[in-house]
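Comments concern the structure below.
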Amino acid sequence: MADFRPISGQRMYDSLRDKDCIIMAANLRYIPGAAEGIFRAAKDTGSPVIIEIARTESDLTGGYTGYTPKDYADRITAAAKKAGCEKWVLHADHITIKKGDKETIESTKKLVKAQIDAGFTSFAIDASHIFNFEGKDEKKSLKGILKSRLRLRASSKMR
C-alpha cells in the first residue's frame with residue numbers, strides 16, 4: 001500500500017545530489033485545486049516536489065492563512081494522496097528569528113516541534129535579522145547570531 005506522507009528532505013536532497021536537476025518548491029498556502037494540480041504534475045513527470053509554507057503563513061495560531069502546522073500538513077497530505085504523489089517534501093520555510101532573546105527562541109522551538117509532530121520533513125531557519133551590521137569585523141558582526149545559535153543549540157534538546 002502506498003504511503004503519501006512527505007518523505008525526508010535529507011533523503012530527497014541526498015538522492016539528487018549528483019544529478020543535473022532541480023526540485024520545484026511550491027508555496028501553495030493550501031489552495032485545493034492548485035495543490036492537487038502540482039502533485040498530479042509531479043507524479044505524471046516522475047518529479048519530486050517540495051511543498052513549503054512560511055512561519056507567517058502557518059504558525060501555532062494559524063498565521064495569516066488560518067492553518068496551524070497540523071491543519072496545513074493534513075490538507076496537503078490529503079491532496080498528495082488524492083493525486084497519488086509519493087515523492088514530496090513538506091518544508092517549513094522562512095522560520096525567521098528576528099531577535100535572539102529567550103522568548104523568540106522558545107516560541108521557535110515550540111513551532112518547530114509542532115511542525116515535526118505534524119509531519120514536516122524539512123526546515124529553513126533564518127537568523128539573518130540578528131546580524132550586527134555595525135560590527136567592525138566578522139567576530140563582532142556575528143556576535144548576536146553566535147549567541148543566539150548557542151542558546152538555540154543548548155536549549156534545542158527537545159524532551
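The values are calculated or read from the model by the stated rules, or taken from the named source; none is laboratory data. A quick note: this is a predicted structure, and the numbers were derived from the prediction, not measured. Positions of Cβ are backbone-derived with ideal geometry, glycine not excepted, and every protein chain shown enters the neighbour counts. Only protein heavy atoms, including side chains, enter the accessible area calculation; ligands, DNA and RNA are left aside. Shrake-Rupley method; radii C 1.70, N 1.55, O 1.52, S 1.80 Å.
Numerical summary
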read-out: Hits in region 61-86 - residues which are surrounded by fewer than 18 Cβ atoms within 10 Å (Cβ to Cβ) and either free of Cβ contacts under 8 Å to residues at least 12 places away in the same chain or outside any helix (DSSP H, G or I) (or both); value: THR61, GLY62, TYR64, GLY66, ALA78, GLY84, GLU86
read-out: Residues located in region 12-23, provided they are under 23 Å from ALA54 (Cβ atoms) and surrounded by 13 or more Cβ atoms within 10 Å (Cβ to Cβ); value: MET12, TYR13, ILE23
read-out: Restricting region 113-130 to residues that are assigned to a helix (DSSP H, G or I) and over 11 Å from the mean Cα position of the chain (by Cα), the residue that is farthest from ASN27 (Cα to Cα); value: ILE130
read-out: Flag for ARG29 being open to solvent by 50 Å² or more (accessible area, probe 1.4 Å), at positive phi and not small (Gly, Ala, Ser); value: yes
read-out: Subset of region 58-73 [more than 16 Å from SER122 (Cα to Cα) and acidic (Asp, Glu)]; value: ASP71
read-out: Selection from region 87-110 of residues that are surrounded by 14 or more Cβ atoms within 10 Å (Cβ to Cβ) and farther than 12 Å from PRO6 by Cβ; value: ASP93, HIS94, ILE95, THR96, ILE97, GLY100, THR104, ILE105, SER107, THR108, LYS109
read-out: Selection count where residues are of a type outside the set (Gly, Ala, Ser) and not in a helix (DSSP H, G or I), scope region 25-60; value: 16
read-out: Test for LYS43: is it over 17 Å from GLY119 (Cα atoms), in contact (Cβ under 8 Å) with a residue 40 or more places away in the chain and open to solvent by 60 Å² or more (accessible area, probe 1.4 Å); value: yes
